[in-house]
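Encoded as structure tokens, the structure appears first; notes follow it.
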Amino acid sequence: LGSAPPAWQTWPDQLHAELLKLGYDVDLPSTAIPGELTRPAKCPVCADAGAYASLSTPRLGMVGWSSWGFSFDSTADCGADGYREIAGLQVSCTNGWACNPEWTGSVPLVPVSTLAEGVRGSDVVILANWINDYKAWQSPDARRECYGGVDIGAAGTVSVTAADLQRQIRAIHAESPDTVILVLARYPDLKQVIYVNERTLPEVIALNNAVKAKVEMEKNTYFVNITFPLGEAIFQTLSLVHPNCRGDRVMVTDIVEAMYDHKILSRGLALGSIDNCLARSDCESLNLPCCQRSAMCFVDSAGACARYGRGKQ
């Protein structure tokens, strides 16, 4: 359940294929949640696209939205000025990038009760719908519209994010107490279109750690960190600021690893260390664990470790 990443990236589809490959029975019925997609609206074509081309993988991909678009049942609590209070802060009731109504899309709101009903009975739900909370504060134009021009600071965005995610998590658990919820980390900023921005990486790590501390206070809820290699082409040129096939592969690896570590899965991937393997590109010489950890390689249909590109964009 997310903003643009599930709509413009392949990681939900790659995750579906990876779980099947690991031998799991993956049942992904339609949720009937407004705005549901079963495939990306647009995305790079990855080297292993054939593994998931025929799969139907329901997801929400509300482009440009922030966490509050999934956290309320209506706008009844919004004032005449179009703002509501979240965590003691004034936040726009408009969904869409920069809280611009022209970018909301065909669905104005995903009611949190409908979201919870739609995923009722699920073993696992992944939330990836909060990354724009912080980005809206970073952008002066978006800050003016989303936060009424108030500089709420990074800590303020964490408070808003935590309050919204808690609403969603508690609504889901009210319907399905045993459902495990994974909150996906915000991935790094970029530089020069396709590379990780090392300068702002400490800020992103601090943000993720702060959100992690908040959400993991909820039962059956875990935070999934994401680690991208430095100095490698990891972001798209098709949908700017979004990870490419390599980035999606890393995200899937990190999700599967978290699911195994938290005993959600009984079988996981044999993985080499991040330090030794994540940026390796000498694929033909890698052993299986290092190949499966690398962002630059993958195990092809013949079982060989092969080069994994950015994807056709």
Subject >> Inter-part distance where the stretch 248-304 and the stretch 2-77 are each reduced to a Cα centre, Å >> reply: 21 Å
**OP:** Could you tell me what percent of the DSSP beta bridges with both partners in the stretch 103-256 are antiparallel, to the nearest 5?
**Re:** 25 percent
**OP:** Taking H placed 1.01 Å from N in the peptide plane, check which residues at least 5 places from residue 241 or on another chain put their amide H under 5 Å from its amide H.
**Re:** 236
Original post:
How much length is gained on full extension from residue 203 to residue 21, taking 0.36 nm per residue of separation minus their Cα-Cα distance?
Top reply: 61.9 nm
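Ordering 217, 62 by accessible area with a probe of 1.4 Å, largest first, what comes out? Working shown, then result.
On the way: 217 150, 62 15 Å².
Largest accessible area first, the list is 217, 62.
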**OP:** Using DSSP, restrict attention to beta bridges with both residues in the chain and report what percent are antiparallel, rounded to the nearest 5.
**Re:** 55 percent
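Hand me the GluC sites (Glu not before Pro) from the stretch 216-298 located in a DSSP loop with no more than 13 other Cβ atoms within 10 Å, in residue order please. Kindly include the intermediate steps, with their values, before the conclusion.
Details: sites: 216, 218, 232, 257, 284; in loops: 216, 218, 232.
Within the stretch 216-298, the qualifying GluC sites (Glu not before Pro) (loop, at most 13 other Cβ atoms within 10 Å) are 216.
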**OP:** Let me know the charge dipole size of the chain about its Cα centre in debye, to the nearest 20, where only the beta-carbon of Lys, Arg (+1) and Asp, Glu (-1) is charged.
**Re:** 460 debye
Subject >> Residue among 210, 9, 228 farthest towards the positive dipole end of the chain, charges placed on Cβ >> reply: 228
Original post:
In whole angstrom, how long is each semi-axis of the equivalent ellipsoid of the stretch 131-253, when you take the square root of 5 times every eigenvalue of its Cα gyration tensor and sort them from largest down?
Top reply: 25, 21, 12
Subject >> Calculated Cα extents along the principal axes in Å (choose from (1) 55, 45, 38; (2) 63, 47, 35; (3) 63, 42, 34), label >> reply: (3)
Original post:
In the chain, which Cys residues have no partner Cys with a Cβ closer than 4.7 Å?
Top reply: 43
Subject >> Probe 1.4 Å, protein heavy atoms only - accessible area per residue of the chain in square angstrom >> reply: 42 Å²
Subject >> Whole-number percent relative contact order across the stretch 161-234, with pairs defined as alpha carbons under 8 Å at least 6 apart >> reply: 41 percent
Subject >> Gained length - residue 307 relative to residue 113, 0.36 nm times residue gap less alpha-carbon distance >> reply: 65.5 nm
**OP:** Per residue of the stretch 281-292, in order, report the coupling 6.51 cos²θ - 1.76 cosθ + 1.60 (Karplus, θ = phi - 60°) as ³J(HN,Hα) in whole Hz, putting x for Gly and Pro.
**Re:** 10, 7, 4, 4, 9, 8, 7, 4, x, 6, 4, 6
Original post:
In the chain, what percent of the accessible surface is made up of carbon and sulfur (1.4 Å probe, ligands and nucleic acids excluded)?
Top reply: 51 percent
**OP:** Using Cα pairs closer than 8 Å and at least 6 residues apart in sequence, work out the relative contact order for the stretch 1-74, in percent.
**Re:** 51 percent
Subject >> Gyration tensor (Cα) of the stretch 24-75, equivalent ellipsoid semi-axes in angstrom >> reply: 26, 15, 8
Original post:
Contour minus end-to-end for residue 78 and residue 155, with contour as 0.36 nm per residue of separation and end-to-end as the Cα-Cα distance?
Top reply: 25.4 nm
Original post:
Given the stretch 90-134, what whole percent of its Cα pairs are spread farther than 14 Å?
Top reply: 62 percent
**OP:** Quote the relative contact order of the stretch 66-140 in percent (integer), defining contacts as alpha-carbon pairs under 8 Å separated by 6+ residues.
**Re:** 37 percent
**OP:** Describe numerically, in nm with one decimal, the distance between label points set 7 Å from Cα along Cα→Cβ at residue 54 and at residue 174.
**Re:** 4.2 nm
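The values are calculated or read from the model by the stated rules, or taken from the named source; none is laboratory data. Every value quoted in this text rests on a predicted model; they were computed, and no experiment measured them. Glycine also receives a Cβ, built like all others from the backbone with ideal geometry; neighbour counts cover every protein chain displayed. Protein only, heavy atoms only, side chains kept; ligands, DNA and RNA dropped before computing areas. Shrake-Rupley method; radii C 1.70, N 1.55, O 1.52, S 1.80 Å.
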